[in-house]
Amino acid sequence: MNAPNTSGWKPGTPDAPTGESGIVTVTGNRGLMLEEPLIFEIGGADTCGVDLPEPSGGADRLGGLARSEPFGLPGLSEPETVRHYTRLSRQNYAIDCGIFPLGSCTMKHNPRLNEKVARMPGFGDLHPLQPESTVQGALAVIDELAHWLLALTGMHSVAMSPKAGAHGELCGILCIRAALEARGDARSVILVPESAHGTNPATAAFAGYQVENIPATPEGRVDLAALKARLGSDVAAVMITNPNTCGLFEREMKAISDAVHAAGALVYCDGANFNAIVGRVRPGDLGIDAMHINLHKTFSTPHGGGGPGSGPVVLSEALAPFAPLPFVRKVAGGFELIEEEDGVAAAPHSFGRMAAFNGQMGMFTRALAYILSHGADGLRQVSGDAVLGANYILRSLQDVLDAPFGKTGPCMHEALFSDRGFAEGVATLDLAKALIDEGFHPMTMYFPLVVHGAMLVEPTECESKASLDQFIMALRSIAERARAGDESLHQAPQLAPRRRLDETRAARQPVLAYEVGG
Ligand SMILES: *Cc1c(COP(=O)(O)O)cnc(C)c1O
């Protein structure tokens, strides 16, 4: 089947992928990169991927509720459907294509062994409502993963059900709230450092707390004196990221925890950056009460579009009694899942539940496969290699990019640069867009907020020296153009399927439904 291009694409429109050659094709295609319209523009109500006979008669069992208007979903044949999504997927960048340097996101390779294990019928075909006696193996996997997470963090207990980092933050803060309420000491404020990820203050506010900022020192770490000065009987908790989002280890974490505990508050640690310290530092030894672990970051399970996330929360002994339901308990001869119907006796202080079922089984199998294939020594090497790669980038670029916190020592798993030294009118955004033309996904931009025009680069341990060198070469050349005030940077990306989008309008006025002719 070699259908003509029915694309709604109009050659020569502003987005036309002409590239530096200036060639405009009649199809809008560019080499073997095919232009592809929306499915609503090419699909019709009269086309269908399956060929079924019309239903014959039979009494109407819908009691007058039968649909009276067309369904409104576009139809395509099977080959057209496959091509539509394959063409779109080729316009997407993925970790399987190249380095994905998004700082704070820990975009690492998803090993194929993990995928194989997750698809084994005994795991892949499970149903969450199966009787407990038929899922003993799955419960054993959850229990073994929990054991590893506890060993790696030095914590007392773990709640496996939260489904992402942010969901884990909420779980941890709800445990803290329940613990404070249990001792009759409800408090109203949560302290969050200036450099925190947006989910931290959002979580605290969502749980009903007032959020107050703790300032950073000029070296990019939490200002311990300022924190101590603010602690008081209204402070419920502090939320601290360690290593922090400036890519630095909070060396005074133990002193911070001690001061917070002395003031009767609790310590939440955002564990999104655990990849930098896994196998080297145990958060439990630093006095932390609750910390989420993003399995899709540190333990290599896919992010976002690649599958659901998972954010188990490790808890201190003080918070363990308040953990959510359900949870797995080891009993003689097997495992059981403790649910609400097991009653007050089984979990008298649990704050409730976070999700319908006990977490993301597909992520648990992948994470455990990753952990077991590395072993304890391999995980320790992961953090070492991740930190080495980030420092290689930091040192290779600091003559062309300002590294505000790179002067006082090495970074952890991510290198942070600012826009200082760029020519007037050239912004971080221009540099990020120019990276797209060079074939690289941009780094995290404008985060953390404490650095002007921030660029946060996290290579992870998965990148070879050759791939780091190529990335460094590209970024160096773009940084030199930014310093020289190269006007063409404002035009980037010039070689991508789409040029610059109006990102502000897209965020403020998102168009979420396709309207014919709209
Ligand atoms: C990724 C991240 C989060 C949120 O995790 P999700 O799994 O995306 O919800 C929170 N804090 C930091 C520092 C992160 O990098």
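The values are calculated or read from the model by the stated rules, or taken from the named source; none is laboratory data. Computed from a predicted structure; not experimentally measured. Note that each Cβ is placed from the backbone with ideal geometry, even for glycine, and that neighbours are counted across all protein chains shown.
Out of all the residues in segment 105-162, which are without any contact (Cβ under 8 Å) to a residue 60 or more places away in the chain and of a type in the set (Asp, Glu)?
Matches in segment 105-162: ASP125 only.
Quick one: GLU169 ticks every box in (1) crowded, with 18+ Cβ neighbours inside 10 Å; (2) part of a loop (DSSP other than H, G, I, E, B); (3) acidic (Asp, Glu) except a single one, so which number is it?
For GLU169, the exception is condition (2).
Does segment 458-467 contain at least one residue that is crowded, with 20+ Cβ neighbours inside 10 Å and of a type in the set (S, T, N, Q)?
For segment 458-467, residues crowded, with 20+ Cβ neighbours inside 10 Å and of a type in the set (S, T, N, Q): present.
Being touching a strand residue (DSSP E or B) at 6+ places or on another chain (Cβ under 9 Å) and surrounded by fewer than 16 Cβ atoms within 10 Å (Cβ to Cβ), is that true of even one residue in segment 319-334?
Looking for residues that are touching a strand residue (DSSP E or B) at 6+ places or on another chain (Cβ under 9 Å) and surrounded by fewer than 16 Cβ atoms within 10 Å (Cβ to Cβ), one finds at least one in segment 319-334, hence yes.
Please determine, by comparing only the residues of segment 101-125 that are surrounded by 13 or more Cβ atoms within 10 Å (Cβ to Cβ) and of a type in the set (A, V, I, L, M), which one is nearest to the chain's Cα centre (by Cα).
MET107
If VAL192 passes every condition in (1) more than 15 Å from the ligand (Cβ to nearest atom); (2) in a strand (DSSP E or B) but one, which one does it miss?
So the condition that VAL192 fails would be (1).
Is at least one residue of segment 356-371 out of contact with any helix residue (DSSP H, G or I) (no Cβ under 7 Å at 6 or more places or on another chain), polar (S, T, N, Q), within 16 Å of the ligand (Cβ to nearest atom) and assigned by TED's automatic domain parsing to the domain that holds GLU169?
Yes: segment 356-371 contains one or more residues that are out of contact with any helix residue (DSSP H, G or I) (no Cβ under 7 Å at 6 or more places or on another chain), polar (S, T, N, Q), within 16 Å of the ligand (Cβ to nearest atom) and assigned by TED's automatic domain parsing to the domain that holds GLU169.
Would you mind stating whether THR301 is in contact (Cβ under 8 Å) with a residue 60 or more places away in the chain and over 19 Å from ALA151 (Cα atoms)?
Here the answer is yes, as THR301 does meet what is asked.
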